[in-house]
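To keep things clear, I will list the structure first and then write my remarks on it.
Coordinate-derived values only; no laboratory data. Predicted, not measured: the structure shown is a model, and the values here were computed from it. With ideal geometry, Cβ positions are generated from the backbone for all residues, glycine too; neighbour counts draw on all protein chains shown.
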């Protein structure tokens, strides 16, 4: 099975509402590992932000599952804006994962500008890449949302990912972050 993954980043220090508290990282990591085994995942497509993405990519790599990373823009800029700007020591894990996938041709860097539109475009490409991998390997494709299960309202990229995955006919599984 090919899994397309999106989810919450860990909460900032001054979060007004807990969506993915740093203290829950190990619990989420165990849930992700169990789900990857249960689904028999062979490849995982995600971005590489702190929290859900890096946990899923790390667990996939540890289980011998092919990781494919989609970044909305250049690697260092993404690291600064979506990885090391939150609590936890995410930078070294990000660097290691990208160093591992890049030589295999499994790092896709888009040039989509900035802001929510860039992240929305990356989410769409994550789904496209997962579907293409499924077709090329004759495997089923599903989506995994790693989040608190509640929309933030407005332009919630994780919620939008789930909506788009369902529109494409993919089974969507959720792992809660709280």
Practice item. Using only the Cα atoms of the chain, build the gyration tensor, take square roots of its eigenvalues as a ≥ b ≥ c, and label the shape rounded, prolate or oblate: rounded if a/c is under 1.5, else prolate if a/b is larger than b/c, else oblate. Key: rounded
**Study point:** Most mobile of 65, 126, 146 in a GNM of the chain (Cα contacts under 10 Å)
**Key:** 65
Practice item. Return the distance in nm (one decimal) between the two label points of a simple spin-label model at residue 81 and residue 137, each offset 7 Å from Cα along Cα→Cβ. Key: 3.0 nm
**Study point:** For the chain, calculated [θ]222 nm from helices alone, where every DSSP H run of n ≥ 4 adds -39500 (n - 2.57)
**Key:** -14000 deg cm²/dmol
Review point. Of the residues 43, 143, 34, which exhibits the maximal mean-square fluctuation in a Gaussian network model of the chain defined by a 10 Å Cα contact cut-off?
Key: 34
Practice item. Give the order of 109, 83, 45 when sorted by the count of other beta carbons within 10 angstrom, beginning with the fewest. Key: 109, 83, 45
Point to revise | Compactness index (Cα Rg / 2.2 N^0.38 Å), the stretch 1-100 | key: 1.03
